[in-house]
Amino acid sequence: DIVMTQSPLSLLVAPGEPASISCTSSQSLLHRNGFHYLDWYLQKPGQSPQLLIYFGSSRASGVPDRFSGGGSGTDFTLKITRVEAEDVGVYYCMQSLQTPLTFGGGTRVEIK
Amino acid sequence: VQLVESGGGLVQPGRSLRLSCTTFGFTFGDYAMSWVRQAPGKGLEWVGFIKNKTYGGTTEYAASVKGRFIISRDDFKRTAYLQMNSLKIEDTAVYYCARDRGKFQWGQGTLVTVSS
């Protein structure tokens with residue numbers, strides 16, 4: 001199984017400040033088609049998760065451009081250029097390159 | 001895109017329960033359908049998926065549920081199902097259905113509580 005490791009476990013960020021979350025996989029997530037099968041999700045308090053980023057760096061429809069995904073191989077990063085109050089919640093990375101699909105343990109983002 | 005789960009509730013260990021995921025707003029037959037669960041206060045755990053008919057409609061499961069859970073689909077009803085048998089206390093979770101095998105669009109979830 002591919003193990004997904006996220007860091008940090010939690011982030012306390014002031015509004016308007018940047019934030020960065022790391023996700024490392026135990027195997028490369030690069031498919032032979034050239035895409036990295038790595039998604040980022042945000043689960044806001046009391047809600048179901050929502051898709052932010054897919055294929056490592058493609059922003060989902062309706063996601064603000066302050067969110068960006070990057071990385072390759074086994075190392076990926078989600079960046080928020082200027083955190084807003086509505087960005088609080090738990091962020092998860094997930095690999096869908098092979099089954100079983102696996103998630104990172106989550107990173108909790110809170111606002112100062 | 002909308003996915004609506006139903007069928008959750010309280011069930012005793014060893015019993016069965018079937019969840020449904022009814023969908024709207026996309027061509028159901030074009031997509032695989034997945035199930036993901038979240039135990040209380042815990043992270044996300046993939047349960048399994050069913051491919052669409054183009055890819056044979058085959059299923060894959062997490063090791064923790066293989067042999068006990070069955071995923072099926074009815075393309076005419078635009079609905080996916082999760083049949084859960086021999087339920088264990090550790091199956092207690094919110095169960096989400098999601099469109100596709102990644103790049104998930106999620107439902108709102110339904111709570112399954114396994115307790116005597």
Item checked: Scan of segment A:19-34 for residues that are of a type in the set (A, V, I, L, M, F, W, C) and over 16 Å from the mean Cα position of the chain (by Cα), ordered by number -> A:LEU30
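Tell me, yes or no, whether segment A:74-93 has at least one residue that is within 9 Å of chain B (Cβ to nearest Cβ) and small (Gly, Ala, Ser). If you could, list the steps in order and put the result at the bottom.
Step one: filter segment A:74-93 for residues within 9 Å of chain B (Cβ to nearest Cβ), giving A:90, A:92.
Those still in the list that are small (Gly, Ala, Ser) too: none.
Scanning segment A:74-93, I find no residue that is within 9 Å of chain B (Cβ to nearest Cβ) and small (Gly, Ala, Ser), so the answer is no.
Just the residues that are outside any strand (DSSP E or B), within 11 Å of another protein chain (Cβ to nearest Cβ) and either of a type in the set (Lys, Arg) or more than 20 Å from B:ILE70 (Cβ to Cβ) (or both), please, taken from segment B:104-116. Write out each step before concluding.
So in segment B:104-116, the residues outside any strand (DSSP E or B) come out as B:104, B:107-109, B:115-116.
Next, only the ones that are within 11 Å of another protein chain (Cβ to nearest Cβ) stay: B:104, B:107-109.
Hits for segment B:104-116 are B:PHE104, B:GLN108.
Is it the case that A:GLU110 is assigned to a strand (DSSP E or B) and either loosely packed, with under 13 Cβ neighbours inside 10 Å or within 9 Å of another protein chain (Cβ to nearest Cβ) (or both)? So that I can check it myself, show each step before the final result.
Details: assigned to a strand (DSSP E or B): yes; either loosely packed, with under 13 Cβ neighbours inside 10 Å or within 9 Å of another protein chain (Cβ to nearest Cβ) (or both): yes.
Criteria met by A:GLU110.
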Next item on the list: Identify all residues within segment B:23-46 that are under 15 Å from B:LEU3 (Cα atoms), of a type outside the set (Phe, Trp, Tyr) and part of a loop (DSSP other than H, G, I, E, B); write none if there are none.
Entry: B:GLY25, B:THR27, B:ALA32
Check: Are there any pairs with C-beta distances below 6 angstrom linking a residue in segment B:85-103 that is closer than 9 Å to B:ARG37 by Cα and within 13 Å of chain A (Cβ to nearest Cβ) to a residue that is part of a strand (DSSP E or B) and among the β-branched types (Val, Ile, Thr), with the two at least 6 apart or on different chains, and if so which?
Finding: B:TYR95/B:THR110; B:TYR95/B:VAL112; B:TYR96/B:VAL36
Note to self: Of everything in segment B:1-52, what is of a type in the set (Phe, Trp, Tyr), touching a residue at least 60 places away in the same chain (Cβ under 8 Å) and buried (at least 17 other Cβ atoms within 10 Å of the Cβ)? Give them in sequence order.
What the structure shows: B:TYR31, B:TRP35
Next item on the list: Only residues in segment A:43-57 that are closer than 10 Å to B:PHE104 by Cα and more than 8 Å from chain B (Cβ to nearest Cβ) count as the first member; pair them with residues that are among the polar types (S, T, N, Q) and buried (at least 21 other Cβ atoms within 10 Å of the Cβ), Cβ under 9 angstrom, at least 6 apart or cross-chain, and list the lot.
Entry: none
Next item on the list: For residues that are in contact (Cβ under 8 Å) with a residue 24 or more places away in the chain and surrounded by 16 or more Cβ atoms within 10 Å (Cβ to Cβ), scanning just segment B:70-84, find the one that is nearest to B:SER16 (Cα to Cα).
Entry: B:MET84
Notebook entry, point to check: Across segment A:35-80, which residue is nearest to the chain's Cα centre (by Cα) among those that are crowded, with 17+ Cβ neighbours inside 10 Å and aromatic (Phe, Trp, Tyr)?
Noted result: A:TRP40
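Each reported figure results from applying straightforward, stated rules to the coordinates on display, with no laboratory input. Remember, it's a predicted structure, so these values are computed and weren't measured experimentally. Here the Cβ is made from the backbone with ideal geometry for all residues, glycine too, and neighbour counts use every protein chain on show.
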